[in-house]
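Enquirer: Pasting in a structure now, in structure tokens, and then I'll have a few things to ask.
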Amino acid sequence: MLVDSPPEQRAEHAPAPPTRHVARALGLLLSAVLLVLVALASIAIGAKGLSPAQVWHGLFHDTGTYGDVVVGERLSRTVLGLLVGAALGLSGAVLQALTRNPLADPGLLGINAGASAAVVTAMTFLGVTSLTGYVWFAFLGAAAVGGLVWFLGGSRGATPVRLALAGTAITAALYGYLQAVMITDGAALGKMRFWTVGSLVSATDATIVQVLPFLAVGMVLALALARPLNAVEMGDDTARALGANLDRTRALAMLSAVVLCGAATAACGPIMFVGLMVPHVVRSFTGPDLRWILPYAMVLAPVLLLGADVLGRVVARPAELQVGIVTALIGGPVFIFLVRRRRTAQL
């Protein structure tokens, strides 16, 4: 619920000692190293594995061999996974801070489903086929559903559970609409059967180039809001006392979340739970300071997304599970655990 935080929570926002800053910086560096290792694994592992020598040759000495071609294809997939993972991690952290709701996630709040429904509508009924064309529909759908969930959840009186329930109900209805469109339109089914579950399979250099400007704007905006969102998390009265412009901060935070979620969904379809799980893990060792949570989420969310993508290739060889299915299989139990833990804490 959007109320002022208790004194003990405000104390958590007190300045950290220098040793903790060093530990956070070191942890962020180690997270970046882990991200590099997972990205290399994403390039090397697939239906046919590649040796480190083949990966190196394909990255820096492309001569058109089979290994070089495979590296080129997987590199586009990996780069898109890095960008989309960072976008989902940032948007999840921003939404949790904005709503003061630890269960907030672009997927659970229906934002991804709204973007997906708008994209499918544009592609099927309006003939929009380019990413730069339907990404605007993704923004519109994400914003509309985000506002509707906020309204149905109780607006300023919203609780985490009510928001999650409203988002789940709207998501179910929108996915029913998506399935109906694909069943009645064979061409749409062929184009979107992988996209609707969340997939990096169709990643190309062109996709990356088209989506990069939107993701870059959303990421810069989200990172710039770290300090004012810290104030928002401490409650309206405290935030005003600290000089925060609440209306502007909320509007910009929602804008950054919509841009990040809309662009990510337009590029590879709806992927759930990444924005929920990563900020929770990050908070456990950074504390509530968004100046650290956001950079950590930006680094570790791609680790989760690429790791899930690699796992999907390994467990179903020579076929593969799409990354959206793998994150749902992982995230579902995590979400149940978080809800149960929250209920226990409130008893």
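The values are calculated or read from the model by the stated rules, or taken from the named source; none is laboratory data. Only a predicted model underlies this, so the values are computations on that prediction, with no experimental measurement involved. Here Cβ is always computed from backbone atoms with ideal geometry, including for glycine, and neighbour counts include all displayed protein chains. Keep in mind that these areas ignore ligands, DNA and RNA; they rest on the heavy atoms of the full protein, side chains included. Shrake-Rupley method; radii C 1.70, N 1.55, O 1.52, S 1.80 Å.
Enquirer: Helix hunt in the chain: which complete DSSP H runs extend at least 20 Å axially by C-alpha with mean Kyte-Doolittle at least 1.6?
Expert: 18-44, 131-152, 205-224
Enquirer: Roughly how many debye, to the nearest 20, is the charge dipole of the chain about its Cα centre, given +1 on each Lys and Arg Cβ, -1 on each Asp and Glu Cβ, and no other charges?
Expert: Dipole size: approximately 600 debye.
Enquirer: Measure out, as a whole number of angstrom, how far apart the alpha-carbon centroids of the stretch 207-221 and the stretch 87-151 sit.
Expert: So the separation of the two Cα centres works out to 15 Å.
Enquirer: Accessible area per residue, 1.4 Å probe, Å², for the stretch 176-285: what's the number?
Expert: 42
Enquirer: With an 8 Å Cα cut-off and a minimum separation of 6 or more residues, compute the relative contact order for the chain in percent.
Expert: Values: 538 pairs, mean separation 103.3, N = 347.
Normalised by residue count, the contact order of the chain is 30 percent.
Enquirer: What is the stretch 172-273's relative contact order, in percent, from Cα pairs under 8 angstrom and six or more apart in sequence? Intermediate results must be reported in sequence, preceding the final value.
Expert: Numbers: 72 pairs, mean separation 37.9, N = 102.
This gives 37 percent for the stretch 172-273.
Enquirer: Express the relative contact order of the stretch 263-347 as a whole percentage, based on alpha carbon pairs under 8 Å and six or more residues apart in sequence.
Expert: 32
Enquirer: So for the chain, taking the charge dipole from beta-carbon charges (+1 Lys/Arg, -1 Asp/Glu), which of N230, M254, V217 sits furthest toward the positive end?
Expert: N230
Enquirer: Let me ask another. Loop by DSSP (not H, G, I, E, B), at most 14 other beta-carbon atoms within 10 Å: where is the longest site-free stretch of the chain for trypsin sites (Lys or Arg not before Pro)?
Expert: Segment 194-347 is the longest.
Enquirer: Moving to a separate point now. Report, to the nearest whole %, how much of the accessible area of the chain belongs to carbon and sulfur atoms, 1.4 Å probe, protein only.
Expert: Details: 10770 of 15350 Å².
The C+S portion of the solvent-accessible surface of the chain is 70 percent.
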